[in-house]
Structure formats: structure tokens, C-alpha cells
Amino acid sequence: MSRSVGWIIFSIAALGMMFGVADAQDRRQNTPGQFDYYVLSLSWSPSFCETATGNASRQQCGPRPFSFVVHGLWPQYERGFPESCQVPPPRLDRRIMSSMLDLMPAPGLIFHEWDQHGTCSGLQPREYFDVVRKARASVKIPQQYANPTMPLNVTPNQVIGAFINANEGLAPTGITIDCDRTRLREVRICFSRDLKFRECSRGAQRSCRTETLIMPPVRGGRVF
């Protein structure tokens, strides 16, 4: 067999394997309620507010101070994730949106998270946001990050270690850090569907590669 013919056969086989994997996932891709676990994403609000503009900035970065806020609770597959599982999405009642502003301090964020991620949970809006609240209540924020009044210089491993020490049962493989070139942006924690700490899948374990990060301080006042 010539090298060229052998390469063609190999390429066809490889494509078949790729499409086979895709088809296996596509049988439940974006099907509401069909997922393996959750990722709770906690955003460090002071980092967001240093770069945010427009409505998001006005809603979250006003006089009311925030430290960690809920970015979202995201259904995940062991490989990949669903999104926007109902198009158009069921309308989110504004009363439900308003009830979540203590954890997710921007109406636009709450509507977006329902449309893109909540619709994949298989839950009704009130049920989904109840799960968001329960997941957030399951995580204890380390004391040193509760209300810093000065910028903190941290490493990703220090942040991970602090959360592990503060939360019994949370393992290093169950938490990951998101950052930009200089700032800590998010802490992401993986939960089973019944809200127990669990290992994140390999794709969700991609972490911040910056060695030293800044956590900008919380603006003065009571922290939520």
C-alpha cells in the first residue's frame, strides 16, 4: 500500500471516530435536564468593576459594595457543556429576577444566565434559581477574602488552598481559578447534581496560568 493511500484511509478512519464521538454526545446535546454535573462560578466583583462598562457597570458597580457574586450555575457534561437549550427560552418572571439580586447583582446577568444555562437544567425558573441559591449557600468564602480594604496579591494555589481549608470535602480537583493577565476574575466550584462537592471534568479544570494575581479591594461599606 502506498503512503498516500494509507494516509487517505487513516484520515477517513479518524474522521469517522471524530463524528462518532460527536454523534454520541449529540444524542443529548442541549437537551434540557440531560447533563452530568454543575459548575458554580463565583465572580470577584471588584475585578469586574475595574473593566466593566455600560449597563453591567451601572448595575453592579454602584455604591453598594460586593465581593464574590454568583456569575452562574452551569450544567456540564463530562465532555463539554450544553447551552441555550430552549429557543426561545421560557420567559423569566421579573419577580424571580428581583429575588436573586442579592447574589447576582445585575438584572441583565440573571436573564442571560436563565436563557443560556438555566434552560439546560430541566427545571422551572423558580426551581433553578432555588438550586443556584442552595449551591451558593454550600460554599463558605474564606475570611481573608470577605472584605479586603486593600489590594491583595495572591497566587492561584493560595486561593484554591484557602477555599479548600474553608470548605470541608472540597478537593483540589473540584475547584479552578479564572483570571486575566493581572486580576483574579472567578472561582469555579464543581457540584454533583445533588449539590455535593465533586471533581471537575478535565475540560473544566483548565485554570489560570498567571503566577501572581491582584484581587482589587471591595469598596467601602457593608459587603453582600
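The values are calculated or read from the model by the stated rules, or taken from the named source; none is laboratory data. The model shown is predicted, which means the values in this text are computed figures rather than measured ones. Glycine gets a Cβ as well: all are built from the backbone with ideal geometry, and neighbour counts include every protein chain shown.
Got a number for residues in the stretch 134-148 being under 21 Å from residue 194 (Cβ atoms), of a type outside the set (Ser, Thr, Tyr) and surrounded by 16 or more Cβ atoms within 10 Å (Cβ to Cβ)?
Residues meeting the conditions: 3.
Rundown of residues vs (1) surrounded by 14 or more Cβ atoms within 10 Å (Cβ to Cβ); (2) within 27 Å of residue 101 (Cβ to Cβ); (3) among the acidic types (Asp, Glu), yes/no style:
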position: 150; (1), (2), (3): no, no, no
position: 154; (1), (2), (3): yes, no, no
position: 169; (1), (2), (3): no, no, no
position: 188; (1), (2), (3): yes, yes, no
position: 191; (1), (2), (3): yes, yes, no
position: 195; (1), (2), (3): yes, yes, no
position: 215; (1), (2), (3): yes, yes, no
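Tell me which residues, restricted to the stretch 171-186, are within 22 Å of residue 77 (Cβ to Cβ) and crowded, with 17+ Cβ neighbours inside 10 Å.
The answer is 174, 175, 176, 177, 178, 186.
Across the stretch 74-131, what is the total count of residues that are crowded, with 18+ Cβ neighbours inside 10 Å, at pLDDT below 95 and over 15 Å from the mean Cα position of the chain (by Cα)?
2
Pull out all pairs, ordered by first then second residue, where Cβ-Cβ is under 7 Å, the residues are six or more apart or on different chains, the first lies in the stretch 45-63 and is farther than 16 Å from residue 102 by Cα, and the second is modelled with pLDDT under 70.
49/57
Scan the stretch 41-59 and tell me whether some residue there is under 29 Å from residue 192 (Cβ atoms), modelled with pLDDT under 95 and not in a helix (DSSP H, G or I).
For the stretch 41-59, residues under 29 Å from residue 192 (Cβ atoms), modelled with pLDDT under 95 and not in a helix (DSSP H, G or I): absent.
What residue, among those in the stretch 198-207 that are surrounded by fewer than 20 Cβ atoms within 10 Å (Cβ to Cβ) and not acidic (Asp, Glu), is modelled with the highest pLDDT?
Across the stretch 198-207, the extreme among qualifying residues is 201.
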